[in-house]
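Step one of this worksheet: look at the structure below.
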Amino acid sequence: MLVAGGTDGGRRRLNAPGVGVSAIVVDGDKVLLVRRGRPPAKGAWSFPGGRLELGETLRDAVRRELFEECGLRIAVGPIVDVVEMIGVEEGETVHWVVVDYLARAVAGRARAGDDAAELRWAALGELEELATTPRVPELAAAALALAASGHDIDWRL
């Protein structure tokens, strides 16, 4: 059960793990990254996404987050992985369970919005040179391989 434990500068502090979603948006041999403008992992490059809201499905959350953060409408593919992030940031223990989906843009023009400080498309070879959140290169490789595999992917709009 997710329980709000108060607020901290407009952010909700949690007494239990938070559930988040992210989209690994692929375009050819590149993935979409955002530089996080707020904690957790402020300043790091990551996949766009955010918190699951009460009553929202995971797929609806990833669609909403991509539109808010990047201005894109996406088709959501399968789950690439589920990542658990546990650590301390700004003196607070953070624990997130993030469901990473394969996605592709279907409408809109990519732009940084909401809590994304900037965005960029990056090829696999560029990821090792960037300060990323954990596992970004590994997850990007898995998503690109899945997208290129020729498998019949169920892209849900």
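Miscellaneous remarks
- Residue list for region 139-157, restricted to those being part of a helix (DSSP H, G or I) and either among the acidic types (Asp, Glu) or without any contact (Cβ under 8 Å) to a residue 24 or more places away in the chain (or both): Ala141, Ala145, Ala148
- Selection within region 92-127: residues that are among the basic types (Lys, Arg) and farther than 20 Å from Pro40 by Cα. The member of this set that is surrounded by the fewest Cβ atoms within 10 Å (Cβ to Cβ) is Arg109.
- Pairs, first more than 25 Å from Ile153 (Cα to Cα) in region 104-128, second exposed (fewer than 12 other Cβ atoms within 10 Å of the Cβ), C-beta under 8 Å, six or more apart: Ala117/Gly43
- Within region 79-94, tally of residues that are part of a strand (DSSP E or B) and more than 15 Å from the chain's Cα centre (by Cα): 7
- Odd one out for Val76 among (1) surrounded by 20 or more Cβ atoms within 10 Å (Cβ to Cβ); (2) under 14 Å from the mean Cα position of the chain (by Cα); (3) outside any strand (DSSP E or B): (3)
- Within region 21-68, the set of residues being touching a Leu at 6+ places or on another chain (Cβ under 7 Å), assigned to a helix (DSSP H, G or I) and surrounded by fewer than 20 Cβ atoms within 10 Å (Cβ to Cβ) comprises just one member, Leu58.
Quick note: the coordinates plus some simple rules give every number you see, no bench work behind them. All values derive from a computational prediction rather than experimental measurement. Cβ: placed from backbone, ideal geometry, glycine included. Neighbour counts: every protein chain shown.
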